[in-house]
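Peer 1: My structure is below; once you've seen it, I'll send some questions.
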Amino acid sequence: MEQTSQPARDAAELDALDRRILRVLQRDGAISHADLAQEVAASPASCWRRIKALETAGVLGPTVRLVDPVKVGRGLDAICQVRMKSHTAEVRSSFEAFVQEHPEVMDCYSMSGEWDYLLRIAVADVRDYERFLMHTLLNHPAVASSSSHFALNRVKYTTAMPV
């Protein structure tokens, strides 16, 4: 029988200790193994082994620090819907590579429905967004049109996945 690659651990394979570890690490990725162990009621060695297993399985990605966008001059979130001129694989690949090259594009989703992509773009202000939109995004040969919306206030923001 031919073997296929195993998918990352699914939710059914996560036990209660794995879930406690994930909740704590999402709240504080820099916590020491000793403090983590105390918080989840396990030994530091057990926590270390679990973390390594969760990383190997792809459940845990890299450890990062979150930056306050206002404090680095990126206080405006622009939500931009994009419609493509064509939907060929080559055009989609080109646009997705373009998006990867622009650090102001924080999120990009390929969408179902009327619009093809949804972007969250972090910029300094409306003028900065206008420059990006008019001189960068709309100059991409695959982009037919766009629609923009501006976040007035961030009501909820989380990177913590419910586990």
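Laboratory data are not the source of any read-out in this text; all were calculated from the coordinates shown. These numbers come from a predicted model, not from an experiment. Heads up, the Cβs are rebuilt from the backbone with ideal geometry, glycines too, and the neighbour counts pull from every protein chain shown.
Peer 1: Mind checking which lysines have their C-alpha under 19 Å from K71, skipping anything on the same chain fewer than 8 residues away?
Peer 2: Answer for K71, where 19 Å is the Cα cut-off: K156, listed by chain and number.
Peer 1: Compute the semi-axes of the equivalent ellipsoid of the range 13-56, taking the square root of 5 times each eigenvalue of the Cα gyration tensor, and list them largest first in whole Å. Provide the component values of the computation, followed by the final result.
Peer 2: Details: eigenvalues 37, 25, 22 Å².
Value: 14, 11, 10 Å, ordered largest first.
Peer 1: Give the aspartates and glutamates whose C-alpha is closer than 17 Å to that of K85, dropping any in the same chain fewer than 8 places away, or say none.
Peer 2: E96, E114, D116
Peer 1: List, in order, the whole-Hz ³J(HN,Hα) value for each residue of the range 150-157 obtained from phi through the Karplus relation with A = 6.51, B = -1.76, C = 1.60 and θ = phi - 60°; use x for Gly and Pro.
Peer 2: After applying 6.51 cos²θ - 1.76 cosθ + 1.60, I find 10, 6, 7, 7, 7, 7, 9, 8 Hz.
Peer 1: When the Karplus curve 6.51 cos²θ - 1.76 cosθ + 1.60 is applied with θ = phi - 60°, which whole-Hz ³J(HN,Hα) does each residue of the range 63-75 get, with x for Gly and Pro?
Peer 2: Per-residue couplings from phi come out as 7, 9, 10, 8, 9, 6, x, 5, 6, 10, x, 10, x Hz.
Peer 1: Could you give the size of the charge dipole of the range 70-150 about its Cα centre, using +1 on the Cβ of each K and R and -1 on the Cβ of each D and E, expressed in debye and rounded to the nearest 20?
Peer 2: Working: 8 positive and 11 negative charges, 20 e Å.
Dipole of the range 70-150, to the nearest 20 debye: 100 debye.
Peer 1: Cα convex hull of the chain: how many Å³ per residue?
Peer 2: Measuring per residue, one finds 178 Å³ for the Cα hull of the chain.
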